[in-house]
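The values are calculated or read from the model by the stated rules, or taken from the named source; none is laboratory data. Not measured: the values here are computed from a predicted model. We place every Cβ from the backbone using ideal geometry, glycine too, and count neighbours over all the protein chains shown. Only protein heavy atoms, including side chains, enter the accessible area calculation; ligands, DNA and RNA are left aside. Shrake-Rupley method; radii C 1.70, N 1.55, O 1.52, S 1.80 Å.
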Amino acid sequence: MNIDMKEKVAVITGGAGVLGGSISKSLIVEGVKVAVITRSEESLNKATRELSSLGEFLGIQSDVLNIESLKTARAEILQKWGKIDILVNVAGGNMPGATLEKEQTIFDMKIDDFDKVTNLNLNGTIYSCLIFGEAMSKQKEGCIINISSMASISAITRVPGYSVAKSGVDIFTKWLAMEMAMKFGEKIRVNAIAPGFFIGKQNERVLLNEDGTYTDRSLKILAHTPMGRFGDINELNGLIHFLCSEQAGFITGSIIPVDGGFSSFSGI
Ligand SMILES: NC(=O)c1ccc[n+]([C@@H]2O[C@H](COP(=O)([O-])OP(=O)(O)OC[C@H]3O[C@@H](n4cnc5c(N)ncnc54)[C@H](O)[C@@H]3O)[C@@H](O)[C@H]2O)c1
């Protein structure tokens, strides 16, 4: 399979993070022009340091929850490169305050934190799809990939807000896939990837003990993962490249797990 990505323009929200950084790097080295959207100056500097020497790179400090800042980012990208072919919505993740402690119940959940986590993961994806997807609707061509989670497929203890938001991402992905194909043509495709468990900055507190050994939660996850391991942070990239290519021309509205078998395993 030959996937030629050269000359494409990609927008990666959360492209300075663990998974987003790997996705951005994998695209840029294939000749894709990559615009990374990230919220803080610190993460913008990090992305610039790690990516700018590898190829065509544009770092933009913008907030996926701020429509005006996304519109400014879109204008900057269109002015520089004239089009947007690919959007990967990686910005998101769970938040410590929105994770129930072992002894807590749903009735102890802090509503403010529930609101924050649902807002970032659901609206942060929707707003970005609307702003960058609008450019694709005018071009009548484009590929959007949202990032879902195992938490949208079945109930995972302690993360109610995150689970609700990622389930929302799934149905919005299907909904937007329908809308784009029916109103703007079959060359705009919208899919989601549902990653299994990858150790990153956000979740290492719950997955690793201070001495680097696995927590009880990690051991439960691994026991429920037929491959018996966590994902490597580069293991989403192949699917991203495939979904962006013409070889995936009839795939839209799909939520595709990359999970070492977690979502297909009954547990017995
Ligand atoms: N790590 C995993 O095991 C795992 C599993 C399933 C799904 N995911 C999802 O993958 C995505 C990336 O996860 P990660 O582990 O790489 O996390 P990460 O924290 O390393 O990356 C997230 C990035 O999003 C950015 N961000 C946060 N809020 C933002 C905002 N309002 N505007 C712009 N940027 C913002 C952060 O600065 C960060 O760079 C998330 O959506 C997460 O829910 C991760």
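Among the residues of region 228-268, those that are among the β-branched types (Val, Ile, Thr) and more than 18 Å from Met5 (Cβ to Cβ) comprise Ile233, Thr252, Ile255, Ile256, Val258, Ile268.
If Ile86 satisfies every condition in (1) open to solvent by 40 Å² or more (accessible area, probe 1.4 Å); (2) touching a residue at least 60 places away in the same chain (Cβ under 8 Å) but one, which is the exception? Checking Ile86 against (1) open to solvent by 40 Å² or more (accessible area, probe 1.4 Å); (2) touching a residue at least 60 places away in the same chain (Cβ under 8 Å), the one that fails is (1). Can you tell me which residues in region 26-58 are crowded, with 19+ Cβ neighbours inside 10 Å and farther than 26 Å from Phe242 by Cβ? Result: Arg39, Ser43, Leu44. Could you check region 111-139 and list, in sequence order, the residues that are touching a helix residue (DSSP H, G or I) at 6+ places or on another chain (Cβ under 6 Å) and open to solvent by 40 Å² or more (accessible area, probe 1.4 Å)? Answer for region 111-139, where residues must be touching a helix residue (DSSP H, G or I) at 6+ places or on another chain (Cβ under 6 Å) and open to solvent by 40 Å² or more (accessible area, probe 1.4 Å): Phe114, Leu122, Tyr127.
Residues that are farther than 17 Å from Ala47 by Cβ, of a type in the set (Asp, Glu) and in contact with a Leu (Cβ under 9 Å, 6 or more places away or on another chain) within region 73-125 comprise just one, Asp108.
Of these, Lys102, Lys80, which one is out of contact with any His (no Cβ under 7 Å at 6 or more places or on another chain), basic (Lys, Arg), open to solvent by 70 Å² or more (accessible area, probe 1.4 Å) and at pLDDT 95 or above?
On the way: Lys102 fails: at pLDDT 95 or above.
Just one listed residue meets the conditions, Lys80.
A single entry from Gly124, Gly93 fulfils the requirement of being over 26 Å from Ser245 (Cα atoms), within 15 Å of the chain's Cα centre (by Cα) and not β-branched (Val, Ile, Thr): Gly93.
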